[in-house]
Amino acid sequence: MAPPRGPAAPFDLPPRSVFEPPSYPNVWFYVHEALAESHAGAVAFVTNWLRGECGLVDDFGRYKPPEASDAQARLRGLQPWRQAADPARNHAHDLHIRYYYVALRQRGQERAGRYFRLAGSVHYEVEDEHPLHPYVDECPFCGRTGEYAGADDLFAGAHEPLGLELLLHGTNHGRRVVRADGRPAVGLTALAATHAVDIQRMRPSRPDMNIVDLAVVVIDPKIGGAPGHGG
């Protein structure tokens with residue numbers, strides 16, 4: 001998992017007030033205009049790739065609060081934990097993402113130079129159907145364990161960075177994750193097979209960014225067969 005490289009200021013990311021979500025989006029996608037004719041096309045490019053390659057789909061069986069988002073999806077059934085001292089605390093996990101893009105369009109902030117942009121808020125948590133959703137502190141996969149043992153806020157301090165790691169790299173605590181169907185989890189770094197991809201991990205740079213970790217994924221056409229860039 002690549003460490004954050006510095007403040008997010010160079011991308012001039014929009015303020016949280018554009019969306020008013022509880023948590024500032026922790027992943028931003030910049031899609032070159034050569035890959036999409038419109039902002040809606042760029043949104044479809046990103047969400048369709050994440051659906052097809054990463055398995056992120058909207059299959060919630062009950063109402064899931066949108067938290068100011070325009071769409072949401074998840075990959076469920078990950079890393080079942082069956083070693084809890086209390087069997088009632090055993091659970092599988094969801095990689096859950098909320099997408100934000102309509103407000104950017106409404107505020108005229110959907111473009112940055114030659115790129116269309118959209119945002120996501122991604123996190124890794126106890127599966128939605130479990131009675132203890134979203135928190136089990138002692139879980140080795142989503143709890144206050146390992147490098148997140150001292151997290152003051154389990155959601156911001158562990159669930160969000162763990163979700164970002166899985167979305168970008170297909171790993172949890174640096175270890176490969178396997179989907180419920182036995183296939184390996186796919187991260188956004190795999191997009192480099194067909195596009196030039198630059199993933200930049202940064203530290204939040206403003207008070208309204210109430211998160212601890214942030215990534216910007218810049219997607220360009222692959223020119224002349226040159227390999228993309230993983231971060």
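Which ones in segment 155-179 are under 21 Å from Arg203 (Cβ atoms) and over 12 Å from the mean Cα position of the chain (by Cα)? Scanning segment 155-179 gives Phe155, Ala156, Gly157, Ala158, Thr171, His173, Gly174. Which one is nearest to Pro22 (Cα to Cα) among residues in segment 107-138 that are out of contact with any Leu (no Cβ under 9 Å at 6 or more places or on another chain) and among the hydroxyl-bearing types (Ser, Thr, Tyr)? The selected residue is Ser121. Taking the criterion of being touching a helix residue (DSSP H, G or I) at 6+ places or on another chain (Cβ under 6 Å) and either farther than 21 Å from Phe141 by Cβ or not in a strand (DSSP E or B) (or both), the residues of segment 81-105 that qualify are Tyr101, Ala103, Arg105. Being touching a Lys or Arg at 6+ places or on another chain (Cβ under 7 Å), assigned to a loop (DSSP other than H, G, I, E, B) and among the small types (Gly, Ala, Ser) is a description that does not apply to Ser23. Given the criteria at pLDDT below 95 and in contact with a strand residue (DSSP E or B) (Cβ under 6 Å, 6 or more places away or on another chain), does Arg206 qualify? Spelling it out, it is not the case that Arg206 is at pLDDT below 95 and in contact with a strand residue (DSSP E or B) (Cβ under 6 Å, 6 or more places away or on another chain). Remark: pairs (first residue in segment 44-56, within 14 Å of Arg179 (Cα to Cα); second residue among the aliphatic types (A, V, I, L, M) and in a helix (DSSP H, G or I); Cβ separation under 7 Å; 6+ apart in sequence or on different chains) = Glu53/Ala190; Leu56/Leu50. For segment 162-197, a tally of residues being closer than 30 Å to Pro221 by Cβ and either assigned to a helix (DSSP H, G or I) or at pLDDT below 95 (or both) returns 13. In segment 106-120, the residue that is nearest to His159 (Cα to Cα) out of those that are outside any loop (DSSP other than H, G, I, E, B) and in contact with a strand residue (DSSP E or B) (Cβ under 9 Å, 6 or more places away or on another chain) is Gly120. Taken as a whole, the structure leaves Ala156 outside the set of residues that are closer than 19 Å to Glu67 by Cα and at pLDDT 95 or above.
Looking across segment 179-189, the residues that are in contact (Cβ under 8 Å) with a residue 60 or more places away in the chain and either surrounded by fewer than 18 Cβ atoms within 10 Å (Cβ to Cβ) or closer than 16 Å to Ala92 by Cα (or both) come down to Arg179, Ala180, Ala185.
The values are calculated or read from the model by the stated rules, or taken from the named source; none is laboratory data. Keep in mind the model is a prediction, meaning the values are calculated, not measured. For neighbour counting, all protein chains shown are included, and Cβ atoms are generated from backbone atoms with ideal geometry for every residue, glycine included.
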